[in-house]
Structure formats: structure tokens, C-alpha cells
1. Please report, largest first and rounded to whole Å, the three semi-axes of the ellipsoid equivalent to segment 2-77, where each semi-axis is the square root of five times an eigenvalue of the C-alpha gyration tensor.
2. Which number gives the lysine pairs in the chain that have C-alpha atoms under 20 Å apart and are eight or more places apart or on different chains?
3. Provide the per-residue ³J(HN,Hα) series for segment 12-21, in order, calculated from phi with Karplus coefficients 6.51, -1.76, 1.60 and θ = phi - 60°, each as a whole number of Hz, with x at glycine and proline positions.
4. Choose one answer from Ala60, Ala45, Ala75: the residue with the largest mean-square fluctuation in a GNM of the chain with alpha-carbon springs under 10 Å.
5. Using Cα atoms only, what is the angle between the long axis of helix 68-77 and the major principal axis of the chain, expressed in degrees (0 to 90) to the nearest 10?
Amino acid sequence: MKNLNNFKKIFKVLGILGIFIYVVCIFINQENNLTAYKNEQKYIAQKIEEQNEYKETLVAMKDNISSSEYIEEIAREKLDMYLPNERVYIDIGK
């Protein structure tokens, strides 16, 4: 009888210890998951901010694209077109 009672006590202690270890492992795993989710949230928030800034530049470009100054600038830079009777100076150092 005494051995049976000792066995039951040891079994209870091991059971409680096993449950405790299991719960600690779950908490550690959950903490790792939360950290990963927080890092992902920061990354996504940064990407959203970058896309909002890009959207603002596109909206500004859209508003500016029909202006005559922008058309002249594009014609000069990309197409090498100039106004009549305009002097063009070329830097040979470049």
C-alpha cells in the first residue's frame, strides 16, 4: 500500500510538472509568434507609408502634367527641342 501511495504521489508530481512545462512552452511559442506578427505589422506599416508617399508624388505629377512649363521641360530634357531663336549652350566638360 505504501508503494502504491508513493507511486501515486510521484505520478501526480510528474503530471503537474509535465503540465507546467507544457504551459511554459506554449507561452514561449506564443511570445515568438507575437514578436513575429509585430515585426510584420511594422514592415507592412512602412510599406503603406512608402506607397502613400508615392501616391502623393503621382497625384502631384498628374496635376502638373498638363502645364506648359512641364511640357517645355520634357521637350528640352528628353527630346532636345528648344524654342525658336533660343540660344543653347553645351558644356563640353561633361
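1. 70, 7, 4
2. Step by step, the pairs that qualify in the chain add up to 6.
3. Running phi through 6.51 cos²θ - 1.76 cosθ + 1.60 with θ = phi - 60° gives 4, 5, 5, x, 5, 5, x, 5, 4, 5 Hz.
4. In this elastic network of the chain, the residue with the biggest mean-square fluctuation among Ala60, Ala45, Ala75 is Ala75.
5. 90
Quick note: the coordinates plus some simple rules give every number you see, no bench work behind them. Just so it is clear, the model here is predicted, and its values are computed rather than measured.
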